[in-house]
1. Being open to solvent by less than 50 Å² (accessible area, probe 1.4 Å) and more than 13 Å from the chain's Cα centre (by Cα) is the filter here, so list the residues in the stretch C:202-213 that pass it.
2. If we scan the stretch C:35-47, do we find a residue that is modelled with pLDDT of 90 or more, closer than 30 Å to C:Gly262 by Cα and touching a Phe, Trp or Tyr at 6+ places or on another chain (Cβ under 7 Å)?
3. Could you run through the stretch C:110-131 and say how many residues are within 21 Å of C:Pro188 (Cβ to Cβ) and either open to solvent by 10 Å² or more (accessible area, probe 1.4 Å) or more than 8 Å from chain A (Cβ to nearest Cβ) (or both)?
4. For the stretch B:400-412, check the following and say yes or no: at least one residue is open to solvent by 10 Å² or more (accessible area, probe 1.4 Å), modelled with pLDDT of 90 or more and either farther than 22 Å from B:Lys64 by Cβ or assigned to a helix (DSSP H, G or I) (or both).
5. Give the residue that is nearest to A:Ala55 (Cα to Cα), with candidates limited to residues of the stretch A:181-209 that are more than 14 Å from every other protein chain (Cβ to nearest Cβ) and either modelled with pLDDT of 90 or more or not in a helix (DSSP H, G or I) (or both).
6. Within the stretch B:150-173, can you find the residues that are of a type in the set (A, V, I, L, M, F, W, C) and farther than 12 Å from B:Leu80 by Cβ?
7. Pull out all pairs, ordered by first then second residue, where Cβ-Cβ is under 9 Å, the residues are six or more apart or on different chains, the first lies in the stretch B:366-383 and is facing another protein chain (nearest Cβ under 9 Å), and the second is open to solvent by 10 Å² or more (accessible area, probe 1.4 Å) and charged (D, E, K, R).
8. Can you give me the number of residues within the stretch A:399-448 that are free of Cβ contacts under 8 Å to residues at least 12 places away in the same chain and more than 26 Å from A:Pro322 (Cβ to Cβ)?
Amino acid sequence: MPVTWLIPSILLLALIGYWAGRARALAVAGGDTRALHSLPGHHGGHVALFASAPALALLVVWLLTQPFVINGRVAELIPDSANSATGEGPSAALMMSEVRRVAAGLDLAVREGVITAGQADSPRTGADDMRAWLAGVGVALGGETGPWVLPAAQRYRALSATGHLMMTIAVIALSAAGLAGALRRVRPQFRARDVTERAVKAGLFAAASIAILTTLGIVLSLVFNTIEFLRLYPAVDFFFGLTWAPSFGGGSELGILPLLWGTLSISVIALAVATPIGLFAAVYLSEYATPAIRAFAKPLLEVLAGIPTTVYGLFALQIVGPLLVSAFGEGGVLGVTWMGSGTAAMTAGLVLGVMLIPFISSLSDDIINAVPQTLRDGSLSLGATRSETIRQVVLPAALPGIAGAILLAASRAIGETMIVVLGAGAAARLSLNPFEAMTTITAKIVSQLTGDTDFSSPEALVAFALGMTLFVLTLALNALALYIVRTYREQYE
Amino acid sequence: MTGLAAPTPAPTPSPRPGRAALLAADPRTRKRNAAERRFRFCGVMAISIGLLFLVVLLAAIVSKGAGAFRQTFIALEVELREDTLDKNGNRAPEDIAKASTFAYAPLLGDALLAAIRDNGITTELQTRKEIKPLLSASAAAQVRDFVIANPERIGETVAFSVLAASRVDGYLKGRVSRDSVARSKNMDARHLDLIDALRDAGVVEKRFNPAFITGTDASEARPEQAGIGAAMLGSFFMMLVVLLLSLPIGVAASIYLEEFAPRNRLTDFIEINIANLAAVPSIVFGILGLAVFIRFAHLPQSAPLVGGLTLALMTLPTIVISTRASLTAVPPSIRDAALALGASKMQAVFHHTLPLAMPGILTGAIIGLAQALGETAPLLLIGMVGFIASTHPDGLASGFLDPNSAMPAQIYEWAKRADPAYYERAWGGIILLMLFLAAMNITAILLRRRFERRW
Amino acid sequence: MYDTPLTEADVSTEDAKILARNVQVHYGTTHAIKDVSVAIGDKAVTAFIGPSGCGKSTFLRCLNRMNDTIDACRVRGTILLDGDDIYHRRVDPVQLRARVGMVFQKPNPFPKSVYDNVAYGPRIHGLANSRADLDRIVEKSLRRAALWEEVKDRLSAPGTGLSGGQQQRLCIARAVATEPEVLLMDEPCSALDPIATAQIEDLIYELRDRFSVVIVTHSMQQAARISQKTAFFHLGHLVEFGETGQIFTNPQDPRTESYITGRIG
């Protein structure tokens, strides 16, 4: 029975348990629910819980451990010669995946009726038969698949099948036992409500822990692969290299500095656009605008934040880029030749800046509104104009919060992917001319990890090191921003 | 700030400003008021620039993308000749299936030549080979599908409306000009003259193309055939995963943190984690999806299930933050009232607090979903671009597990292709995507308006 | 029966610094001030008393047009400062407020240094020709506010770091630094402890020599101690206005009497 049926079966048993528990609770109470400590529904829930939770837990544990056990047993069949022939290290994993592929192909062949189950498991089957069968179901084998693959695949299939059968029996048995055991405990004094509520609470806690698991997943996947990368590529060259020139043939130069420079340039341009516009917009909305204008302009500005970044990317590529070239490029209106092509740091930076406007404006708006009205009154009562009040009293008072908002926007900017992938170009260079193509950490993560990649090569693994850098950078910026904003909030509370 | 402490030419050392005339502004006040107006003008400008960008962006989307919904078709009377399509004449399906699209191409060519003749158009292009560039490569497949479905019509002459080649479409939409044609190999000014004549004759016409909305992606050489339907289904299945995972988990996590969590290190740690996850760049979630779901758990690449899982993790903090805000907005008096009646804490939360917070929770969930729907970067890493999503998923399992694309990923894929005809389709896809996003956000706003409660 | 306002026919126009005639204030749909006429003398302390929500603070804020900052607020009637209508459309509220200063209920020093707090007004109005000039103005103002001795060694410390009473005196120093003619005080002692209150009261008593002071207060004792004239507001009406001694010992209106004896308010 496949897993897709096993889970519904457990749930069915749980449902049966619920009704049985309820019915039994009513029966022991003689139909009078007042005799029970807990409501019949709680008794039902209690039985359903025991019928499902332990069984599901077992299922998960089994599914996680079975592959390791099977891999260990199958690995014995992979000869050392096969290992050394293709090189060392990672090829063991490749062998294993080849075995899995063949096993899956045999499954498919049996299912499609090309061969019988007996044929698939027969020890007399030759490598050529196997090749033919698999070709029949559209599974192509690599050229140097050795003769050991078939027995290994056959053992893999056999072990998997046995494991599956044992798992099905064990899980269903545990579920039934849980149901029966819990049903026997139904008594009027039994505190079923406490049990179910504790279980629900545990479930709620588990949901909250997903956040920790996610962070853990991110950190582990970044750290392990980064370590792997740094074993293959010297850390000094990565952190201080001035050239970024990956080549999958080997001999790559993977210095992060040109990417950091591109990221920095584009972020600075973006913030130079977004900060004044966003800040002035926030000041206008919170200090000058009538409620009607505010109700109209604020949501419209925030629409800018809801537009997918791919759209901004295409906007940069197709509209802003050519527009800038017609101004700053060859034969442009300004008569300068600063810009070669439409994809440039300036293009991506400008568009990224537009995207960040609502981000800065709505955060600053909140912060400016948090400045107490009494300060404004104090300044106005001295005969200050509104702008004097804003510039000399409100903004200085809100400065820490606004700094926090800009830092948050900066962290957004360095983590943004689609706009730079489409708008900034692909050349990694340390250039002072913002009208030249530059590239960023995020764009290179994408280019190193898309397409057919060999995950054992430094050219692919470098993406994880880049991701790690990005993660640490954004985290640091956010922590700083949150700290500043929080300190600022306490000041006025 | 602006050097206010600097000496100013005041007539007397200790003046009483404006004492003489309250009704007439003195020069200094006039200057200050001018500064005030300038400052205010900057604010107006900032808002205007922001709104201008919005207008320009929306105008660009509509003007560049609207064309994708119309496509050029050629109306042809195709003679389904028995001698080429069914040599044995027995209408056996396997015999008919043997005739490949190569067998159909000449029939279409003849039909087009006939259309040129019948409309009395004179052109130097006299052979099938010369007029072939006008027809889409998909036309033969379209006729073949029809014949396989209706073998009894072999031998008749049937009216078809087939796709014109992308170049023809581009010419009628102004994308392909006579100058750019001069540089191309298999098309020249004579073809353009012929297109003009055929359009005047009504053989060639632009009309609404539903296949753009429902269809699948096509190969690089056939932009006229590409549609976003398969990617739309991919997005749909992904959103289903996101909704089914992030809403219950997010709500459960929020209930725990808001109502049950003891004040301890572990709770603080969870809170910090959620706050940080909300700020982690989306591409990092892509790395997580690649490393954990694909390389560690061996889930299929490019599957909406994996995309959904990744986006669900990304959406989770958004949903937790908005749900907690909705839960705190329910006044404690309601909880106290339930507790005072002898309800357990759990009952108070699930019977009273949660239902009252539901509209706010749903609003947050919809906004989170809209974010996830527009997200592209993580999908790049788990392989939802770079291949042609050429089939619709059949059934539920296939929808979750078979390789597919998603709307924003499809748009990105088109934006990367060399043929400018694909740019138009990318913008067209953006129109559809933005319509979905607008619908979701409007639903969220209406929901908030409808159920907003002030305690 | 209390809704008929007393006719203030005998509002004295001689040596009145501020003269208000038939002032009506609306907040949205609320009629907050109903036909108030009053004359506020120069170099004297005028107290506004009355129960909460009677409109005394609203009226005070009309006198330097601070109500302009509230969108829903509309003012009708005339208020004359030295004979000029302050609601005339050619009057710039910025110039008006330089002449009519204000001190608020809660001390609201700017998050700047003590020095910058006091120098703020002179700077924006350009009252100082040099740094030394400004120093002199700051010192003079702080002395007037009886704060100089306490803060002269920490002029660069933040004003928000002072005690509540010091903060309020700092706000008074800030207000007098622009050399206003009228000083409006909106319950300046309500957030302070008794000792700080006594200090402020002494200060107001001295300020009377140079300014025309208008003070809104909840405390009848305070009004009696420091003011020469008292106005009693009730439900938006000016019920009674006259010499402080007379109001407290021999009120003309039954409403004033019930308020003073503690039956309403």
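The values are calculated or read from the model by the stated rules, or taken from the named source; none is laboratory data. Remember, it's a predicted structure, so these values are computed and weren't measured experimentally. A quick note on method: Cβ atoms are made from the backbone with ideal geometry, for glycine too, and the neighbour counts reach across all protein chains shown. What goes into the accessible areas is simple: the full protein's heavy atoms, side chains included, and nothing from ligands, DNA or RNA. Shrake-Rupley method; radii C 1.70, N 1.55, O 1.52, S 1.80 Å.
1. Listed by number, the list holds a single entry, C:Leu203.
2. Within the stretch C:35-47, one or more residues are modelled with pLDDT of 90 or more, closer than 30 Å to C:Gly262 by Cα and touching a Phe, Trp or Tyr at 6+ places or on another chain (Cβ under 7 Å).
3. Selection size over the stretch C:110-131: 5.
4. Yes.
5. Only one residue tops the list, namely A:Arg185.
6. Of everything in the stretch B:150-173, those that are of a type in the set (A, V, I, L, M, F, W, C) and farther than 12 Å from B:Leu80 by Cβ turn out to be B:Val162, B:Leu163, B:Ala164, B:Ala165, B:Val168, B:Leu172.
7. B:Ala377/A:Glu416
8. 1
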